[in-house]
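Asker: One structure, pasted below without further comment.
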Amino acid sequence: MLVDLELIGQFIPEFGEGIVLTLELLVISLFFGFALAMVLALFKKSTNLLLNYSSRAFIYFFRGTPFLVQIYLIYYGLGQFEAIREVQWLWFFLEKPFFCALLALVINNAAYAAEIIHNAIVTTDKGEIEAARAYGMSHWQSMRYIVIPSALRRAIPAYTNEIIFMLHATSLVSVITLLDITGIARKLYSRFYAPFEAFITAALFYLLLSILINFVAHRLEKRFNRYLKVNQ
């Protein structure tokens, strides 16, 4: 038999620790990444050139460079600066692989999510904005109550793809010694010399998590867009 199913069955409990770490990295990075992405998206739409170009530079850099390189720059690169090592609270975080991986995931997610949110904002139907103005809303009131909620609803499909991309990106944190799903697979491979069984099990867990994310996102999209069916 090409695949040892009994060995795969033994591997499954071993992946518990890796699944927990993967989900921790994913959820925390999405939370802070989304918050930063909102700021970047609004800065990119700003008429203030400093805010606008700063946001664009951040987005272009982190979307234009490989995530693996970003991890290496943060984990291996920042520690070489004595000024960073002398700041105790900063070095407390940056000397730990978990926080380095989390920082890389946050800024990478923020760059991609900011572009998604910005595109959704600028493509908002002009009729919605005109209706807000007709009700006497200021620019920021219309952004807060009309434009941003509408943009976020329309951004759900694209942002779902970004969440799945982030899930897959977490597999790269194993290169800095973290035992996520992929890290556990590599450990089991080195222990049992069964690469196919170890990595096919990891692939199945990633697939199941991707299906779950798609399911939840689809339910949210249906819930937030119910008013479209009512108005038809």
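The values are calculated or read from the model by the stated rules, or taken from the named source; none is laboratory data. None of the values given here were measured: they were computed from a predicted structure. Cβ atoms come from the backbone with ideal geometry, glycine included; neighbour counts cover every protein chain shown. With ligands, DNA and RNA removed, areas are computed over all heavy atoms of the protein, side chains included. Shrake-Rupley method; radii C 1.70, N 1.55, O 1.52, S 1.80 Å.
Asker: With a cut-off of at most 13 other beta carbons within 10 Å, and DSSP calling the residue loop, which chymotrypsin sites (Phe, Trp or Tyr not before Pro) in the stretch 168-210 qualify? Please list them. Provide the component values of the computation, followed by the final result.
Answerer: Details: sites: TYR189, PHE192, TYR193, PHE196, PHE199, PHE205, TYR206; in loops: TYR193.
Sites meeting the loop and neighbour criteria: TYR193.
Asker: Just to confirm the filter: which chymotrypsin sites (Phe, Trp or Tyr not before Pro) across the stretch 1-107 are DSSP coil and have at most 15 other Cβ within 10 angstrom of their Cβ?
Answerer: Working: sites: PHE11, PHE15, PHE31, PHE32, PHE34, PHE43, TYR53, PHE58, TYR60, PHE61, PHE62, PHE67, TYR72, TYR75, TYR76, PHE81, TRP89, TRP91, PHE92, PHE93, PHE98, PHE99; in loops: PHE15, PHE81.
Hits after loop and neighbour filter: PHE81.
Asker: Moving on. So if each residue of separation counts as 0.36 nm, and I subtract the Cα-Cα distance between PHE92 and PHE31, what length gain in nm does that give? Present the calculation step by step, with values, prior to reporting the outcome.
Answerer: Values: separation 61, 0.36 × 61 = 21.96 nm, distance 2.18 nm.
Additional length available on full extension: 19.8 nm.
Asker: Compute the relative contact order of the chain as a whole-number percentage, counting only Cα pairs closer than 8 Å that sit 6 or more residues apart in sequence.
Answerer: Numbers: 226 pairs, mean separation 65.5, N = 232.
Normalised by residue count, the contact order of the chain is 28 percent.
Asker: Quick check: from the Cα gyration tensor, does the stretch 1-154 come out rounded (a/c under 1.5), prolate or oblate?
Answerer: On the way: a/c = 2.85, a/b = 1.56, b/c = 1.82.
Here the stretch 1-154 falls in the oblate category.
Asker: Take the solvent-accessible surface of the protein heavy atoms, probe 1.4 Å, and return the percent of it on the stretch 1-74 that carbon and sulfur atoms account for.
Answerer: On the way: 3200 of 4390 Å².
Exposed carbon and sulfur together represent 73 percent of the surface.
Asker: Ordered by residue, what ³J(HN,Hα) values in Hz, to whole numbers, does the stretch 75-82 give under the Karplus form 6.51 cos²θ - 1.76 cosθ + 1.60, where θ = phi - 60° and Gly and Pro are x?
Answerer: 6, 9, x, 5, x, 7, 8, 4
Asker: Based on DSSP H assignment, which helices of the chain show an axial Cα extent of at least 18 Å together with a mean Kyte-Doolittle hydropathy greater than or equal to -1.0?
Answerer: On the way: long enough: 16-45 (43 Å, 1.77); 49-64 (21 Å, 0.56); 97-122 (38 Å, 1.48); 148-169 (28 Å, 0.56); 195-224 (43 Å, 1.02).
Taking the DSSP H segments of the chain (at least 18 Å long, mean hydropathy at least -1.0), we get 16-45, 49-64, 97-122, 148-169, 195-224.
Asker: Distance in nm between label sites at LEU23 and LEU51, each 7 Å beyond Cα in the beta-carbon direction?
Answerer: Placing both labels 7 Å beyond Cα along the Cβ direction yields 3.8 nm.
Asker: Could you state how much accessible area ILE121 has, in square angstrom rounded to the nearest 10, with a 1.4 Å probe and all protein chains kept in place?
Answerer: The accessible area comes out at roughly 10 Å².
Asker: By how many nm would the segment from ILE84 to TYR135 lengthen if fully extended, with 0.36 nm per residue of separation less the alpha-carbon distance? Walk me through the numbers on the way to the answer.
Answerer: Details: separation 51, 0.36 × 51 = 18.36 nm, distance 5.12 nm.
Extra length available between ILE84 and TYR135 comes to 13.2 nm.
Asker: Leaving out ligands and nucleic acids, note down the accessible area per residue over the chain with a 1.4 angstrom probe, in whole Å². Could you put the intermediate results ahead of the total?
Answerer: Details: 13570 Å² over 232 residues.
Ligands and nucleic acids excluded, the result is 58 Å² per residue.
Asker: At most 12 other Cβ atoms within 10 Å and a DSSP loop assignment: could you name the trypsin sites (Lys or Arg not before Pro) in the stretch 123-232 that fit? Before the final figure, lay out each step's value.
Answerer: Numbers: sites: LYS126, ARG133, ARG144, ARG153, ARG154, ARG186, LYS187, ARG191, ARG219, LYS222, ARG223, ARG226, LYS229; in loops: none.
Of the trypsin sites (Lys or Arg not before Pro), not one in the loops of the stretch 123-232 has a Cβ with at most 12 other Cβ atoms within 10 Å.
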